[in-house]
Amino acid sequence: MDSTTQSASPLRQRMLDDMRMRKLEPKTQQAYVRAVRKLAAHLQRSPDTASAEDLRNFQLHLVDTGCSPITLNATITGLKFFFDITLSRPELMLKMQPVHVPRTLPVVLSREEVSRLIAAAWNLKHQTALSLAYGTGLRASEVISLKVGDIDSQRMTLRVEQGKGRKDRYAMLPPILLERLRVWWRVGHAQGKILRNGWLFPGMDPMDPLSTRQLNRAIHAAADAAKIDKRVSMHTLRHYSESRNMPSSGSKALSSGGLQASHAG
């Protein structure tokens with residue numbers, strides 16, 4: 001069940017086909033294949049030969065080796081698909097049960113910390129992307145997927161295509177964010193980084209969007225530069241305690257001009 005092999009085994013190919021039929025997300029497919037590969041490595045034989053007792057012992061092995069509850073449950077979910085759907089052997093999973101995931105309080109930044117964080121980002125593109133994530137609550141994957149045409153300055157909204165749950169939706173756009181976006185668009189467009197109706201936050205190649213990995217690296221670097229002693233991630237920006245407005249100390253109105261009507265939608 002190695003996902004890196006060029007020619008898939010009949011068993012792996014059947015599982016891939018089963019997932020493709022159900023239009024599972026690529027990341028979900030990779031996670032499911034990884035779960036079955038873990039089982040095969042533990043058994044030292046083909047995973048379709050596993051018994052219910054083998055699976056029970058595998059879960060014990062995962063627990064004993066320090067597997068986190070989230071990883072353990074993700075592995076069980078992948079195996080459940082494999083045995084329930086691909087092998088049509090749901091009875092084998094009866095002794096594998098998901099475990100309780102302890103609820104933890106999210107990391108919350110103060111307004112002052114968010115201001116320092118955004119100011120510490122090393123370029124205007126990253127500052128604007130982080131500001132957008134904070135002010136709208138968008139996920140990293142949603143931020144990088146935005147195009148210039150998704151900005152509607154008349155309705156003060158952002159069109160988010162294929163967000164969580166593969167659904168389109170609209171997000172409210174605070175006026176201060178529109179000003180920041182206008183500044184970034186003018187600078188990026190003048191430098192040839194933003195193409196007409198192209199990606200709002202392009203990568204090194206303007207034809208490609210910024211990646212979530214690059215955005216996560218940017219926020220970690222900004223947190224270090226701002227000397228914020230908390231575990232900061234893009235998801236952290238979605239947990240703030242006071243409001244969804246940009247912090248006043250870190251969101252100056254940089255310009256009143258900017259995105260032209262044809263670009264802002």
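Rank-order 136-148, 23-35 by packing density, defined as the average count of other C-beta atoms within 10 Å over each peptide's residues, highest first. If you can, show how the numbers build up before the last one.
On the way: 136-148: 20.9, 23-35: 15.6.
The most tightly packed comes first, giving 136-148, 23-35.
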*Report ³J(HN,Hα) in whole Hz for each residue of region 94-104, in order, from the Karplus equation J = 6.51 cos²θ - 1.76 cosθ + 1.60 where θ = phi - 60°; Gly and Pro get x.*
4, 8, 9, 10, x, 10, 6, 9, x, 7, 10
*Which entries in Lys38/Lys95; Lys23/Lys193; Lys27/Lys227; Lys95/Lys167 show an alpha-carbon gap greater than 25 Å?*
Lys23/Lys193; Lys27/Lys227; Lys95/Lys167
*Roughly how many whole Å is it from the C-alpha centroid of region 71-100 to that of region 16-49?*
11 Å
*What FRET efficiency would be calculated for the residue pair Met21, Arg89, taking the C-beta separation as r and a Förster radius of 22 Å, to the nearest 0.05?*
0.75
*Cα centroids of region 115-135 and region 139-200: how far apart, whole angstrom?*
14 Å
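Lys and Arg at +1, Asp and Glu at -1: add these up for the other residues within a Cβ distance under 13 Å of Pro90 and post the number.
Details: positive: Lys80, Arg89, Lys95; negative: Asp84, Glu91.
Net local charge, Pro90 excluded: +1.
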*asked:* Taking θ = phi - 60°, what integer Hz values does the Karplus form 6.51 cos²θ - 1.76 cosθ + 1.60 yield along region 171-177, in sequence order, with x for Gly and Pro?
replied: 10, 5, 10, x, x, 5, 6
*asked:* To make sure I understand, if each residue's beta carbon is the centre and we count other beta carbons within 10 Å, what order do His100, His235 fall in, fewest to most?
replied: His100, His235
*asked:* For Tyr170, what residues show an amide H to amide H distance below 5 Å, using hydrogens built from the backbone and excluding near sequence neighbours?
replied: Val160
*Among 75-85, 9-19, how do they line up from the highest to the lowest mean number of other beta-carbon atoms within 10 Å?*
75-85, 9-19
*Using the Karplus equation 6.51 cos²θ - 1.76 cosθ + 1.60 (θ = phi - 60°), what ³J(HN,Hα) coupling, rounded to whole Hz, does each residue of region 111-123 give in order, writing x for Gly and Pro?*
4, 5, 5, 5, 4, 5, 4, 5, 5, 7, 4, 7, 8
*Mind listing the long-range amide H neighbours of Thr157? Cut-off is under 5 Å, sequence gap 5 or more, other chains count too, H placed in the peptide plane at 1.01 Å from N.*
Asp152, Leu173
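Values in this text are rule-based calculations from the coordinates and carry no lab data. Everything numeric in this text was worked out from a predicted model, so none of it was measured. Reconstructed Cβ throughout: ideal geometry from the backbone, glycine too, with neighbour counts over all protein chains shown.
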